[in-house]
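Below is one structure, written out as structure tokens; comments come after it.
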């Protein structure tokens, strides 16, 4: 059975700082993964940044790669950031989609291209509306193509 990042137990550094578990002066924090008696407790190093206005941000330092991460997830008994999970081949559920969803995305792109290359959308187009509608279609097509390209790149890595 395939595991997805969406299904893994995770902790968020911003939430823990708001709850007072992470203190701005601490170098590490004890974090609980899960609920009840079977919860896993680990100590995680913390990185802090103090802003000029007196506020700040705290991020986890990933035990696997040492990078900064707001979210750490538990995978195979080890803590990992999103990037480490991606390198291990653990994707987000939405990255692939079902074959029907992928086909629907491809059909949408083709429909947008057809609308943009075809005749005007109205027999007597209003000047302002025609330009606005065309711009919306072009933006929608651009976004869809970018998402498709990102999914193809993620699938290759």
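Restricting to the range 5-30, give me the number of residues that are in contact with a strand residue (DSSP E or B) (Cβ under 9 Å, 6 or more places away or on another chain) and assigned to a loop (DSSP other than H, G, I, E, B).
9
Regarding residue 100, is this residue modelled with pLDDT of 80 or more and in a helix (DSSP H, G or I)?
Taking the combined requirement at face value, the residue does not satisfy it.
Can you spot a residue in the range 34-52 that is in contact with a helix residue (DSSP H, G or I) (Cβ under 6 Å, 6 or more places away or on another chain) and modelled with pLDDT of 90 or more?
Within the range 34-52, not a single residue is in contact with a helix residue (DSSP H, G or I) (Cβ under 6 Å, 6 or more places away or on another chain) and modelled with pLDDT of 90 or more.
The values are calculated or read from the model by the stated rules, or taken from the named source; none is laboratory data. Quick caveat: nothing in here was measured; it's all calculated off a predicted structure. No Cβ is skipped: glycine too gets one built from the backbone with ideal geometry, and neighbour counts run over all protein chains shown.
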